[in-house]
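Only one structure is covered here, and it is reproduced in the block below.
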Amino acid sequence: DALRAAGVVRSPVEGLPVSVKDLFDVGGDVTLAGSKALASEPPATRDAPAVARLRAAGAVILGRTSMVEFAFGGIGTNPHFGTPANPHDRGTGRIPGGSSSGAAVAVADGLCVMGLGSDTRGSV
């Protein structure tokens, strides 16, 4: 924050908060891909290339976001870990849509300025 305020910015994402879809490896974390079936897997030994590039550019990785199980679905629901509430209509429980639903909701709610997601079959 101090560097950005002083006008020292090495990259467009330096110092900015970013969320990561639970489909991408984050070193030290178990990548669940939205499924309880992977809960007993060992933690990732390193970051996925996209995560590593974000870190190298100075992005601040805030955490993982919810997703459709194994990214196979376009409506944004997850029966195991819950479905992120659509920030534009929480009152009626509308779904957020997309397999990267957690990333979209995190950005829409202002928790981060960017969410790393994926597009398996047209969900983004």
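The values are calculated or read from the model by the stated rules, or taken from the named source; none is laboratory data. Just so we're clear, the structure is a prediction, and the values are computed from it rather than from any experiment. Counting neighbours? That spans all protein chains shown, and the Cβs are built from the backbone with ideal geometry, glycine included. Accessible surface is based on the protein model in full, side chains and every heavy atom, while ligands, DNA and RNA are left aside. Shrake-Rupley method; radii C 1.70, N 1.55, O 1.52, S 1.80 Å.
So the values come out like this:
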| quantity | calculated |
| --- | --- |
| Some residue of segment 6-20 being modelled with pLDDT under 95, surrounded by 18 or more Cβ atoms within 10 Å (Cβ to Cβ) and outside any loop (DSSP other than H, G, I, E, B) | no |
| Segment 48-76, residues that are open to solvent by 40 Å² or more (accessible area, probe 1.4 Å), touching a strand residue (DSSP E or B) at 6+ places or on another chain (Cβ under 9 Å) and within 22 Å of Ser11 (Cα to Cα) | Arg55, Val60, Leu62 |
| All positions within segment 83-108 that are open to solvent by 30 Å² or more (accessible area, probe 1.4 Å) and under 13 Å from the mean Cα position of the chain (by Cα) | Ala104, Val107, Ala108 |
